Structures are given as C-alpha cells and as structure tokens.
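Data first, discussion second: the structure below is written as structure tokens.
The values are calculated or read from the model by the stated rules, or taken from the named source; none is laboratory data. Given the structure is predicted, the values throughout are model-derived calculations rather than measurements. Ideal geometry is used to build each Cβ from the backbone, glycine not excepted, and the neighbour counts take in all protein chains shown. Ligands, DNA and RNA are stripped out before the accessible areas are found, and what is left, the full protein with its side chains, is counted by its heavy atoms. Shrake-Rupley method; radii C 1.70, N 1.55, O 1.52, S 1.80 Å.
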Amino acid sequence: MLASCNGATIVGLESQIVRVEVDVMKGIPTFEIVGLPDTCVRESRIRVKSAIKNSGFDFPNKRIHVNLAPGDLRKEGASFDLPIALAILEASGQLTYTKPRSFIVAGELSLDGKVRKIHGAISMALGAREAGVHFILVPESNSREAAIVPDVEVYGISSLADAAGFLKGSVPLPRVKVDAESVLSQNGQSSLDFADVKGQEHAKRAIEVAAAGGHNLLMVGPPGSGKTMLAARIPSILPPLTLEESLEVTKIHSIAGLIPSGGALVTERPFRSPGCSTTAVGLTGGGQPLPRPGEVTLAHCGVLYLDEITLFQRSALESLRAPLEDGRVTIVRSMVSVTFPASFSLVASMNPCPCGYFGDVLKECTCSAHAIQKYRSILSGPLFDRIDLQVSVPRLRKEYLRKIRPPESSSEIRNRVIRARAVQRQRLLPEGVFCNAGMAGKLVEKYCLISSNAERFLWDAFDKLGFSARSYHRILKVARTIADLAGSEQIEIEHLAEALQYRFLDRNCLHS
C-alpha cells in the first residue's frame with residue numbers, strides 16, 4: 001500500500017517541503033530509503049522501527065521503500081524520522097487521517113517513541129506559511145519557536161503516539177500561540193556594565209561611536225590594558241533588536257541549533273567571540289553536503305569579536321573581506337548555492353607588537369622594527385581599510401586610577417546610541433539601510449555633505465596621511481555618526497577631526 005506525508009529540509013536558511021512517499025508491499029523484509037539521504041537519514045531506519053514497536057504499533061514485516069522527493073535535493077538531519085514513521089503507519093493500515101492532509105511534520109524519534117528537538121523549526125514554519133498548508137507538527141520543545149510565525153497553526157508533540165492520535169482525531173492537542181511583540185519586550189539587560197571600567201575614556205568613546213553607527217573597530221594595546229573587558233561590555237550599549245531583526249536572527253540560530261528548548265525569539269543582539277584557531281570555513285560558513293552558517297552569520301545584527309586578531313590564520317581573516325563589504329556570504333557547491341546574511345560589526349583587538357609592549361609606559365618593547373612590521377602585516381591593506389575606527393588602549397598607571405571620576409553607566413551610553421540609531425533609521429529608511437555603516441558610495445555622497453572649509457580640512461589630512469579612497473568614505477561615515485550623536489544636521493570640522501583620530505595607525509605610519 002502506498003502512503004505519503006510532508007516533511008521539510010533546510011537549504012541555507014530556507015525550508016523546502018519534502019514529500020515522504022512510502023510503499024509497503026509483500027516480499028523479503030527490507031527497509032530502503034532513496035532520494036539522496038545523508039547518513040543520519042539512512043540511520044532513521046533503526047530509530048523508526050524501534051519507535052513504532054515501542055509506541056504500541058506493529059512494524060510491517062514486509063518490503064518497505066521510502067522515497068524523499070524531490071530526488072535531486074540532498075536531505076540532511078533526523079527531522080525525517082517522524083514523517084517516515086507516520087507514512088509507514090498509514091501505508092500499513094494502522095493510521096487513518098481525519099485531519100486535512102495539507103500539513104508538514106518534523107521530528108527526531110528516540111527508540112522509545114518520544115520526539116526530540118530539531119533544528120530550523122522557525123524556517124519550517126515560514127515555509128509552511130508560504131506553501132499555504134493548514135498546520136505544522138513539530139516537537140514540543142520547538143513549538144514556541146515555530147509559533148512565532150503568524151498565520152500558521154502550530155501543534156507541539158511529545159511522542160509518535162501523540163502525533164498519530166492527533167491526526168486520527170483521538171488525541172486533542174492545543175494550538176501553540178506566541179505573541180512575538182510581548183516576547184521581544186522582555187529583553188533583559190546585560191549584567192556587564194561600562195561603569196565597571198575605570199579610565200579608557202577615549203576607547204569608550206570610540207566604542208560608543210562604533211555602536212551608534214554599526215562601525216567596525218580595532219583596539220590596540222598591551223596585555224592587561226582592558227581590551228577584552230571593554231569588548232565584553234559592548235552588548236550592554238547596543239540598541240534593542242527590532243522584530244524583523246529578531247526573527248531573522250532567530251532563524252539563523254535555530255538552524256545552528258542554538259535556540260534552547262522551549263525558547264521562542266532571540267531578543268538580544270548576538271555577540272560572537274570565536275577562538276583564534278577558527279578556520280575560514282568556521283568564520284564564513286560551509287561544509288558538506290549542504291553549507292551551514294559560520295560565525296559571521298551567527299553574528300548577524302550583532303558583533304563579531306576577534307580577540308588577538310593577529311593570531312588568526314591569514315586565510316581566515318581574508319575570508320572576512322567580502323562579508324564586511326557586502327553584508328552577506330555566498331557559498332557555492334556543485335549541487336547548491338546558498339546565501340547567508342552577514343551584516344555585523346567587527347570588533348577586534350591586538351597587541352601593538354609581538355612582545356605586546358610597544359609604546360607601553362611601564363615595560364620596554366624588545367621587538368625590532370622588522371618584527372613589528374611583519375607582525376602588523378598579518379592584517380592586509382584591504383582588510384585594514386574595512387575597519388572604520390582604530391583606537392589605542394594604553395595601560396593605565398595605578399596612581400592615575402585613583403584620580404578618575406566615576407565612569408558612565410552602560411544605560412547612559414545606550415540611550416545616546418539609541419537616539420543616534422533612530423535618527424539614522426529615519427534618514428536612511430527610504431534607501432533600505434538602517435545605520436551609517438551600511439551606506440554605500442552613492443549614499444555617502446548624498447548624506448555626508450560637508451562644508452567647503454571642512455572639505456579642505458579633510459583633503460589636507462589625506463595629503464599628509466595617505467588614506468585610500470575606501471578610507472575616505474569610511475571617515476565620512478564615522479563623522480556622520482559623530483554628528484548624529486551630537487544632534488547636528490551637518491558634519492562640522494570637529495566631527496571630522498574626531499573621525500580622523502580613529503585612524504591612528506595610519507597617522508603613525510605603523511601599518512604596511
């Protein structure tokens with residue numbers, strides 16, 4: 001007897017419906033799965049057989065053929081366990097539907113018939129809405145996540161028996177509903193606060209500018225100067241996620257398996273801090289057979305922090321150039337091409353030299369000029385140009401710490417950042433851009449107008465410092481952000497002067 005059930009697979013960030021077709025016929029007992037299944041899908045034969053038996057059903061002692069259509073699309077993951085089991089029960093006459101057949105079901109089965117959490121439930125719900133299906137069945141631990149998508153009926157199931165009973169009409173299940181706006185409003189504040197950091201006012205100001213405009217930032221200083229401490233507090237001043245951003249970030253984290261059981265929305269901006277052994281694939285994504293998102297995508301709408309950036313492989317750092325410029329990553333394989341969003345702010349830290357003490361007030365540097373040049377050349381010119389702000393973070397003397405006035409709290413800085421972002425969103429909304437860092441060349445010319453005096457000031461600085469054309473646009477964007485923080489409609493000389501301060505490596509000719 002022939003039966004079918006709709007499942008789903010994830011390609012990139014999108015869900016594609018897969019029709020699970022099962023034919024149970026007389027013959028030598030076998031259980032075959034075709035349709036480009038990966039190892040995990042092929043292993044579902046063992047999980048499905050045990051789950052059916054341990055859920056009180058009979059596993060047919062016949063020839064069973066399972067086809068996952070379309071046949072030219074690679075299928076991954078354990079989410080096909082449940083639709084395969086339900087289709088076998090229908091094909092063997094143990095399940096008769098009373099519910100509409102237009103639905104999608106996904107779930108991994110344990111040997112006792114329980115349903116386990118899967119990845120990508122929110123993408124499957126979005127795919128179900130686009131396909132116009134009546135409802136979707138997902139594991140109970142994924143139900144709130146899927147229910148975030150409006151206009152889709154979501155039911156959470158805990159076992160194969162519950163799923164079969166619901167489809168037969170003998171087991172009632174409540175529809176899961178979640179108010180996305182309410183969940184987003186419950187966003188908590190970070191426990192880390194800039195009030196804990198004494199001194200480093202120049203670095204804090206640079207971080208505020210970077211957060212206000214979504215700019216990339218490099219902190220340079222000796223060990224113990226507080227670079228990591230400062231970076232860890234950046235999430236505490238970032239503006240809250242919009243609902244649209246939250247849904248997109250949730251989709252990414254769901255596919256990566258980072259949504260906790262029972263979770264619904266990601267309500268805080270991501271802050272990713274991969275180790276220096278991370279490869280290019282780990283940063284930008286990839287893998288076989290279907291590419292998976294990397295750290296730049298997991299940091300979408302948030303911050304990617306690279307501590308001691310010079311310790312990363314050069315190939316890994318060079319792979320950041322395209323996403324930093326385009327805000328997305330495209331990965332091409334022989335059978336599929338996927339594009340992941342990667343609109344993030346890069347924050348990095350490094351020592352000024354191999355020994356770490358070049359320019360330090362307390363310890364003498366032992367590096368030669370050649371060693372310093374070689375150390376800094378790990379950051380190529382094109383990658384270096386994509387970093388909007390460069391700030392020195394010197395180590396503070398103990399006696400100076402006693403004289404420092406009480407530092408500002410993160411909430412005070414965050415309020416200024418939110419106001420500046422609101423101004424940018426209103427200005428750039430018609431262009432489809434939401435912060436100053438996202439402006440391309442034409443938008444920079446349109447929205448970063450400066451007076452003739454300011455222009456002469458800027459060109460004089462370029463003649464002395466030898467900036468590239470890309471640096472020119474980035475300085476203007478940073479100046480635009482500084483003006484927004486000051487509540488100024490026009491970019492003035494003082495805004496440009498501060499923006500130029502944040503190219504201190506160029507100014508000191510320390511980069512090759």
**OP:** Using a 1.4 angstrom probe, figure out how much accessible area region 374-456 has per residue, in square angstrom, rounded to the nearest whole.
**Re:** 56 Å²
Subject >> Net charge of neighbours whose Cβ lies under 10 Å from the Cβ of residue 142, counting Lys and Arg as +1 and Asp and Glu as -1 >> reply: +1
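Treating only the Cβ atoms of Lys and Arg (+1) and Asp and Glu (-1) as charged, compute the dipole magnitude of the chain about its Cα centre; round to the nearest 20 debye. Please report the intermediate quantities before stating the final value.
Working: 60 positive and 53 negative charges, 136 e Å.
My answer is approximately 660 debye.
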Original post:
When DSSP assigns beta bridges and you keep just the ones with both residues in the chain, what percent turn out antiparallel, to the nearest 5?
Top reply: 45 percent
**OP:** Give me the accessible area per residue for region 6-97, probe 1.4 Å, as a whole number in Å².
**Re:** 41 Å²
**OP:** Please report, largest first and rounded to whole Å, the three semi-axes of the ellipsoid equivalent to region 188-407, where each semi-axis is the square root of five times an eigenvalue of the C-alpha gyration tensor.
**Re:** 32, 23, 13
Subject >> Helix 201-213 vs. the chain, principal-axis angle (Cα, 0 to 90°, nearest 10) >> reply: 50 degrees
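For region 2-178, give the percent of accessible area contributed by carbon and sulfur heavy atoms, probe 1.4 Å, rounded to a whole number. The partial results should precede the final answer.
Values: 3470 of 7120 Å².
Answer for region 2-178 is 49 percent, counting heavy atoms of protein chains only.
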Subject >> In order through region 37-54: 3J(HN,Hα) via Karplus (6.51 cos²θ - 1.76 cosθ + 1.60), integer Hz, x for Gly, Pro >> reply: x, 7, 4, 4, 5, 5, 6, 4, 4, 5, 5, 5, 4, 5, 5, 5, 5, 7
**OP:** Counting only heavy atoms of the protein chains, get the accessible area per residue of region 165-209 (1.4 Å probe) and round it to a whole Å² value.
**Re:** 53 Å²
Original post:
Under a 5 Å amide H to amide H cut-off, with H placed in plane at 1.01 Å, what residues pair with residue 329 once short-range neighbours are removed?
Top reply: 340, 342
**OP:** Name the residues whose placed amide hydrogens come within less than 5 Å of the amide hydrogen of residue 303, ignoring near sequence neighbours (fewer than 5 apart) on the same chain.
**Re:** 271, 272, 345
Original post:
If ligands, DNA and RNA are left out, what is the accessible area of residue 116 with a 1.4 Å probe, given in Å² to the nearest 10?
Top reply: 120 Å²
Original post:
How far is helix 121-131 tilted, in degrees, relative to the longest principal axis of the Cα atoms in the chain, given as a value from 0 to 90 rounded to the nearest 10?
Top reply: 70 degrees
Subject >> 5 angstrom amide H check on residue 15, placed H, neighbours 5+ away >> reply: 127
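State the percentage of accessible surface on region 439-512 attributable to carbon and sulfur atoms; use a 1.4 Å probe and exclude ligands, DNA and RNA.
Numbers: 1860 of 3620 Å².
It is 51 percent, rounded to a whole number.
Could you please report the charge total around residue 28, scoring K, R as +1 and D, E as -1 over all other residues with beta-carbon less than 14 angstrom from its beta-carbon? Walk me through the numbers on the way to the answer.
Working: positive: 26, 62, 63; negative: 32.
Once all neighbours under 14 Å are counted, the net charge is +2.
With the Cα gyration tensor of region 357-490 giving a ≥ b ≥ c as the square roots of its eigenvalues, does the rule (a/c under 1.5 for rounded; else a/b larger than b/c for prolate; else oblate) give rounded, prolate or oblate? List each step's numbers first, then the result.
Working: a/c = 2.18, a/b = 1.32, b/c = 1.65.
Cα axes put region 357-490 in the oblate bin.
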Subject >> In Hz, Karplus ³J(HN,Hα) per residue of region 227-241 (6.51, -1.76, 1.60; θ = phi - 60°; x = Gly, Pro) >> reply: 4, 5, 4, 5, 4, 5, 9, 4, x, 6, 10, 6, x, x, 5
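For region 107-215, give the share of DSSP beta bridges that are antiparallel, in percent and rounded to the nearest 5; count only bridges with both residues there. It would help to have the intermediate numbers written out before the result.
Details: 4 of 9 bridges.
If we restrict to bridges inside region 107-215, about 45 percent are antiparallel.
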Subject >> Neighbourhood charge, 11 Å Cβ-Cβ cut-off, centred on residue 436 and excluding it, Lys, Arg +1 and Asp, Glu -1 >> reply: +4
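Keeping the other protein chains in place, figure out the carbon and sulfur percent of the accessible area of region 188-407, with a 1.4 Å probe.
Details: 4720 of 8970 Å².
Whole-percent figure for carbon plus sulfur exposure: 53.
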Original post:
Hey, what do the phi angles of region 483-493 turn into as Karplus ³J(HN,Hα) couplings, whole Hz, using 6.51/-1.76/1.60 and θ = phi - 60°, x for Gly and Pro?
Top reply: 5, 5, 5, 7, x, 9, 6, 10, 7, 9, 4
**OP:** Can you sort 114, 177, 442 by 1.4 Å-probe accessible area, starting with the largest?
**Re:** 442, 177, 114
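Just how large is the dipole of region 5-135 about the Cα centre, in debye to the nearest 20, putting +1 at every Lys and Arg Cβ and -1 at every Asp and Glu Cβ? Before the final figure, lay out each step's value.
Numbers: 17 positive and 14 negative charges, 64 e Å.
Here region 5-135 has a charge dipole of around 300 debye.
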**OP:** Find how many whole Å separate the alpha carbon centroid of region 33-47 from the alpha carbon centroid of region 368-387.
**Re:** 49 Å
**OP:** As a check on your grasp of the helix formula, calculate [θ] at 222 nm for the chain: sum -39500 (n - 2.57) over DSSP H runs of n ≥ 4, divide by the residue count, round to the nearest 500.
**Re:** -10500 deg cm²/dmol
